[in-house]
Amino acid sequence: MARPFRLTRDAIAPDAALSMLAGAEHEPGRDGAASIFLGTVRRTSGPEGGHGRVLGIEYEAYDRMAGAEWERIAAEVCARYPTVSGIACVHRVGWVPIGETSIAVAATSPHRREAQDAVRDAVDLLKARLPVWKKERYQDGSAWISEVGSG
Amino acid sequence: MKVRVRLFAAAREAAGFDEVEVDLAAVRPTVAEVRRALAAGHPALGRVLATSRMAVDAAFAKDGDPVPQGAEVAVIPPVGGG
């Protein structure tokens, strides 16, 4: 099962992750469904925007481990949904202004349920485990933001 | 045994370096011993360490796991990917 991964400093096109799965199907026309998740940098952060207006986000990655951890996450997801042909992730690093895409995750499968569930699960898992960090920049400061509690 | 530890994000900012070295008395140290040595040698890291996971050779490690000679250890503060 294909599990491509890429870190990039460049803008991420909507089909960036999906295009990495070209040829992942066991035979052409096997997969009737493709599911794509795109994460975008938001204008506000914190509960009800309590952190104030976000100018953009600086993403940092532990390059060597990001690919390895995606491999583990994708393997778990593929084991859970064996009809999925492949699942791909492209994550941006460096400065990402508001409104731009920070992450794309895509999966394909014969029918829609598995592709949609696989993408959802992969996003949940990578938000908890991928060694990538986000530093939000505000008008008057910055802060490391995590949805994860203590390690 | 000397252990090279990579620091990321808030850990790097707290220590002021992206990599530090700790010298451990044990021949076969555990991840927990590396944590303690980091906190002792770099007190500014204390708070971040308390909420960070550790990685050994690019995989999350538990405190009881061994640290092989030459392994790449890293402090992984709370992540924010996606």
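The values are calculated or read from the model by the stated rules, or taken from the named source; none is laboratory data. For clarity, every value in this text was computed on a predicted model and none was experimentally measured. Note that each Cβ is placed from the backbone with ideal geometry, even for glycine, and that neighbours are counted across all protein chains shown. Areas reflect the complete protein model, heavy atoms only, side chains present, ligands, DNA and RNA absent. Shrake-Rupley method; radii C 1.70, N 1.55, O 1.52, S 1.80 Å.
Can you pull the mean other chain C-beta count within 10 Å for peptide B:67-80?
Partner Cβ neighbours, averaged per residue: 5.
For segment A:37-151, calculate the relative contact order in percent as a whole number, restricting contacts to Cα pairs under 8 Å that are 6 or more residues apart.
Value for segment A:37-151: 34 percent.
Roughly how tilted is helix B:31-41, in degrees to the nearest 10 and between 0 and 90, from the longest Cα axis of chain B?
That helix lies at roughly 70 degrees to the long axis.
Among B:A40, A:Y81, A:P4, whose Cα lies farthest out toward the positive end of the dipole of the protein assembly as shown, if unit charges sit on the beta carbon of Lys, Arg (+1) and Asp, Glu (-1)?
Going by the Cα projections, it comes out as B:A40.
Relative contact order, percent, of chain B when contacts are C-alpha pairs under 8 Å separated by at least 6 residues?
Result for chain B is 37 percent.
Roughly how many percent of the accessible protein surface of chain B is carbon and sulfur, given a 1.4 Å probe and a whole-percent answer?
Numbers: 2030 of 3880 Å².
On chain B, the fraction of accessible area on carbon and sulfur atoms equals 52 percent.
FRET efficiency for A:R80 and B:D18, Cβ-Cβ distance as r, R0 = 41 Å, nearest 0.05?
So, using R0 = 41 Å, E works out to roughly 0.70.
If you fit an axis through the alpha-carbon atoms of helix A:63-80 and take the longest principal axis of the Cα set of chain A, what angle between them do you get, 0 to 90°, nearest 10?
On a 0 to 90 degree scale, this one is about 50.
Tell me which residues come under 5 Å, amide H to amide H, from B:L24 once H is placed; ignore anything under 5 positions away on its chain.
Excluding prolines and chain starts, which carry no amide H, the hits are B:K2, B:V3.
Evaluate E = 1/(1 + (r/R0)^6) for A:A11 and B:A59, where r is the Cβ-Cβ distance and R0 equals 35 Å; express this FRET efficiency to the nearest 0.05.
0.70
With the other protein chains left in place, how much accessible area per residue, in square angstrom, belongs to the protein assembly as shown at a 1.4 angstrom probe?
48 Å²
Tell me the label-point distance for the pair A:I145, B:A71, using the 7 Å Cα-to-Cβ offset, in nm and rounded to one decimal.
Between A:I145 and B:A71, the label points sit 3.4 nm apart.
Out of A:Y62, A:Y138, A:Y81, any idea which swings most in a Gaussian network model of chain A, alpha carbons joined below 10 Å?
Between A:Y62, A:Y138, A:Y81, it is A:Y62 that shows the largest mean-square fluctuation.
Kindly identify residues of segment A:50-84 having a loss of at least 50 Å² in accessible area between the isolated chain and the assembly of all protein chains, probe radius 1.4 Å.
Those are A:E60, A:Y62, A:R64, A:M65, which lose 50 Å² or more relative to the chain on its own.
So if the hydrodynamic radius of the protein assembly as shown is defined as the Kirkwood radius over C-alpha pairs, what does Stokes-Einstein give as its diffusion coefficient at 20 °C and 1.002 mPa s, in µm² per second?
For these conditions, the coefficient is 114 µm²/s.
Using protein heavy atoms only (no ligands, DNA or RNA), what is the total accessible area buried between A and B, 1.4 Å probe, nearest 100 Å²?
By this definition, chains A and B bury close to 2100 Å².
Give me the inter-chain shielding for A:129-138: mean count of other chain Cβ atoms within 10 Å, whole number please.
Numbers: counts 5, 4, 11, 6, 11, 5, 4, 1, 0, 0.
Counting Cβ atoms of other protein chains within 10 Å of each residue's Cβ and averaging gives 5.
Arrange the peptides A:87-96, A:1-10, A:123-132, B:15-24 so that the one whose residues have, on average, the most other Cβ atoms within 10 Å appears first.
Numbers: A:87-96: 23.2, A:1-10: 16.2, A:123-132: 20.9, B:15-24: 14.6.
Order by mean packing, descending: A:87-96, A:123-132, A:1-10, B:15-24.
Mind checking B:5-14 for the average number of partner chain beta-carbons within 10 Å of each residue's beta-carbon?
3
If the reach is capped at under 25 angstrom between alpha carbons, list the lysines near B:K2, excluding any in the same chain fewer than eight residues apart.
B:K62
Helix A:112-129 sits at what angle to the longest principal axis of chain A, using alpha carbons and giving 0 to 90 degrees rounded to 10?
The two axes meet at around 40 degrees.
Hey, could you grab the Kirkwood Rh for segment B:35-82? Inverse mean 1/r over distinct alpha carbon pairs, Å, one decimal.
That comes to 11.5 Å for segment B:35-82.
Using a 1.4 angstrom probe on heavy atoms only, work out the carbon and sulfur share of the accessible area of segment A:1-44 in %.
Answer for segment A:1-44 is 49 percent, counting heavy atoms of protein chains only.
Can you give the FRET efficiency to the nearest 0.05 for A:E71 and A:E25, using r as the Cβ-Cβ distance and R₀ = 22 Å?
E(calc), rounded to 0.05, equals 0.60.
If the only charges are +1 at each Lys and Arg Cβ and -1 at each Asp and Glu Cβ, what is the size of the charge dipole of chain B around the Cα centre, to the nearest 20 debye?
Taking the Cα centre of chain B as origin, the dipole is about 180 debye.
What Kirkwood hydrodynamic radius, in Å, does segment B:1-52 give when the mean of 1/r is taken over all pairs of distinct Cα atoms and then inverted?
11.0 Å is the Kirkwood radius here.
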